[in-house]
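*Asks:* Dumping the structure here so I can ask a few things about it.
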Amino acid sequence: MTEYKKFENGFEYIEVSNKSARAKIALQGAHLFHYECVGKKPLLWLSETSFFKAGKAIRGGVPICWPWFGEHKTDSSLPQHGFARNFLWELLEVNETNEYSTEVRLQLKSSAESLQLWSYRFELLLRVTVAQTLTIALTTKNCDKKAFEITSALHSYFAVANIDNVYVEGLDTTTYFDALTKENKMQRGNLYISKEVDRIYQKVHNPLTLHDQDRTVHICAEGSSSVVVWNPWIDKCATMSDMKDDAYKTMLCIETANALDDARMLTPDEEHTLTAIIS
Ligand code: TA6
């Protein structure tokens with residue numbers, strides 16, 4: 001079943017439910033902000049104090065960072081994480097494949113507004129498959145006459161029971177850029193979170209496993225060899241207007257990305273798909 005809904009302030013989203021799972025996707029940013037399998041806890045974390053208003057990304061779920069990840073390389077006045085998450089996308093199709101799987105397709109095309117921010121013509125297609133496994137596929141098409149480079153991320157916020165009892169398996173011996181110290185380091189063993197973590201792991205070619213207190217979440221990627229792991233911890237969390245002070249305890253971002261050296265160059269008419277497969 002698919003329902004078209006609005007918050008009181010007119011913020012539009014669609015709610016998809018089938019025999020496997022239920023999901024909510026805002027038209028702004030094609031932003032998946034809820035996903036839960038039947039009989040299980042929500043998979044994605046959503047801030048209790050998130051804004052749901054035009055032009056401000058929802059805090060939680062899976063924001064789409066595109067066509068740059070983080071701060072713009074040369075113009076810090078441009079929005080952090082690009083503009084795709086702040087623009088209104090077009091709902092193309094909801095395909096109820098069967099009772100257990102639904103595919104939602106949303107599109108964002110370059111416009112006079114986007115060309116103000118980034119001077120390339122493009123088409124973005126997001127496909128979200130709501131089933132026992134959640135699949136999120138972001139396809140970029142270069143519709144311009146010149147090549148362009150993108151960095152991007154499916155900035156997934158995962159709900160965890162208690163950050164103190166969590167670890168991420170699968171990053172052992174990979175190198176990462178520590179955005180806090182601006183240093184390159186190597187991961188030794190599993191990743192535990194006991195302070196602010198803001199890391200871009202490079203050359204990751206294997207699935208990751210998020211070990212939560214009472215569940216494990218498997219994260220596979222296609223079209224990506226970089227992973228961002230972020231938890232704001234106490235001090236940074238306290239500075240964020242759309243996160244409660246203790247929110248850091250129940251969330252962890254593990255982001256399927258094309259970041260840093262994993263940036264992607266697209267020639268005219270070329271396409272690239274960044275996919276996260278979460279189960
Ligand atoms: O993905 C990690 C990160 O780049 C952090 O540095 C932090 O800024 C986070 O994204 C959230 O960014 P946002 O712009 O959504 O507040």
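The values are calculated or read from the model by the stated rules, or taken from the named source; none is laboratory data. Quick caveat, the model's predicted, so the values are computed rather than measured. Cβ placement follows ideal geometry from the backbone for every residue including glycine, while neighbour counts extend to all protein chains displayed. Surface accessibility is based on the protein's heavy atoms, side chains included, excluding ligands, DNA and RNA. Shrake-Rupley method; radii C 1.70, N 1.55, O 1.52, S 1.80 Å.
*Asks:* Name the single residue that is nearest to Tyr157 (Cα to Cα) among those in region 65-90 being open to solvent by less than 80 Å² (accessible area, probe 1.4 Å) and either modelled with pLDDT under 95 or over 18 Å from the mean Cα position of the chain (by Cα) (or both). Don't jump to the end; show me each part of the working.
*Replies:* Of all residues in region 65-90, those open to solvent by less than 80 Å² (accessible area, probe 1.4 Å) come to 65-70, 72, 75, 78-79, 81-87, 89.
Imposing the further condition that a residue be either modelled with pLDDT under 95 or over 18 Å from the mean Cα position of the chain (by Cα) (or both) reduces the set to 75, 78.
Numbers: Asp75: 27, Leu78: 23 Å.
Per the stated criteria, the residue is Leu78.
*Asks:* Considering only region 121-131, I want to know if a residue exists there that is within 16 Å of the ligand (Cβ to nearest atom), outside any loop (DSSP other than H, G, I, E, B) and touching a helix residue (DSSP H, G or I) at 6+ places or on another chain (Cβ under 8 Å). Write out each step before concluding.
*Replies:* Narrowing region 121-131 to residues within 16 Å of the ligand (Cβ to nearest atom): none.
Looking for residues that are within 16 Å of the ligand (Cβ to nearest atom), outside any loop (DSSP other than H, G, I, E, B) and touching a helix residue (DSSP H, G or I) at 6+ places or on another chain (Cβ under 8 Å), one finds none in region 121-131, hence no.
Residue-wise test of (1) farther than 16 Å from Ile219 by Cα; (2) of a type in the set (A, V, I, L, M, F, W, C).
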site	(1), (2)
Ala131	no, yes
Thr135	no, no
Val166	no, yes
Met186	yes, yes
Arg199	yes, no
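*Asks:* Looking at region 160-184, I want the residues that are buried (at least 19 other Cβ atoms within 10 Å of the Cβ) and have a partner that is modelled with pLDDT under 95 with Cβ atoms under 8 Å, at least 6 apart or on another chain. Which pairs are those?
*Replies:* Between residues of region 160-184 that are buried (at least 19 other Cβ atoms within 10 Å of the Cβ) and residues that are modelled with pLDDT under 95, the close pairs are Val160/Gln213; Val166/Gln213.
*Asks:* Still on this structure: Say we look at region 185-224 and pick out the residues that are in contact with a strand residue (DSSP E or B) (Cβ under 6 Å, 6 or more places away or on another chain) and of a type in the set (D, E, K, R); which of these is most open to solvent (accessible area, probe 1.4 Å)?
*Replies:* The selected residue is Glu222.
*Asks:* Another question, then. Can you tell me which residues in region 112-128 are open to solvent by 30 Å² or more (accessible area, probe 1.4 Å) and more than 16 Å from Ser152 (Cα to Cα)?
*Replies:* Correct list: Ala112, Glu113, Leu115, Gln116, Ser119, Arg121.
*Asks:* Restricting to region 2-57, give me the number of residues that are in contact with a Phe, Trp or Tyr (Cβ under 6 Å, 6 or more places away or on another chain) and loosely packed, with under 15 Cβ neighbours inside 10 Å.
*Replies:* 3
*Asks:* Would you pick out the residues in region 95-106 that are over 17 Å from Thr139 (Cα atoms) and open to solvent by 40 Å² or more (accessible area, probe 1.4 Å)? If you could, list the steps in order and put the result at the bottom.
*Replies:* Here is the first cut: in region 95-106, the residues over 17 Å from Thr139 (Cα atoms) are 95-102.
Asn95, Glu96, Thr97, Asn98, Glu99, Tyr100 - these are the residues of region 95-106 that are over 17 Å from Thr139 (Cα atoms) and open to solvent by 40 Å² or more (accessible area, probe 1.4 Å).
*Asks:* Quick one: which residue in Lys109, Lys145, Lys141 is without any contact (Cβ under 8 Å) to a residue 60 or more places away in the chain and open to solvent by 50 Å² or more (accessible area, probe 1.4 Å)?
*Replies:* On the way: Lys145 fails: without any contact (Cβ under 8 Å) to a residue 60 or more places away in the chain; Lys141 fails: without any contact (Cβ under 8 Å) to a residue 60 or more places away in the chain.
Step by step, each of Lys109, Lys145, Lys141 is checked, and only Lys109 is without any contact (Cβ under 8 Å) to a residue 60 or more places away in the chain and open to solvent by 50 Å² or more (accessible area, probe 1.4 Å).
*Asks:* From the list Ala238, Ala257, which one is within 16 Å of the ligand (Cβ to nearest atom) and without any contact (Cβ under 8 Å) to a residue 40 or more places away in the chain?
*Replies:* On the way: Ala257 fails: without any contact (Cβ under 8 Å) to a residue 40 or more places away in the chain.
So the residue among Ala238, Ala257 that is within 16 Å of the ligand (Cβ to nearest atom) and without any contact (Cβ under 8 Å) to a residue 40 or more places away in the chain is Ala238.
*Asks:* Residues being at pLDDT 95 or above and either within 16 Å of Thr49 (Cβ to Cβ) or away from the ligand (no atom under 12 Å from the Cβ) (or both): count how many of those fall in region 209-235.
*Replies:* Counting residues in region 209-235 that are at pLDDT 95 or above and either within 16 Å of Thr49 (Cβ to Cβ) or away from the ligand (no atom under 12 Å from the Cβ) (or both) gives 18.
*Asks:* Let me ask you something else. Select the strands (runs of 3 or more DSSP E) contained entirely in region 1-100, then report the ones holding at least 2 residues which are within 16 Å of the ligand (Cβ to nearest atom) and touching a strand residue (DSSP E or B) at 6+ places or on another chain (Cβ under 6 Å).
*Replies:* Passing ranges, in order: 31-37.
*Asks:* Follow-up. Residues in region 236-261 that are open to solvent by 10 Å² or more (accessible area, probe 1.4 Å) and either touching a strand residue (DSSP E or B) at 6+ places or on another chain (Cβ under 7 Å) or in a strand (DSSP E or B) (or both): how many?
*Replies:* 3
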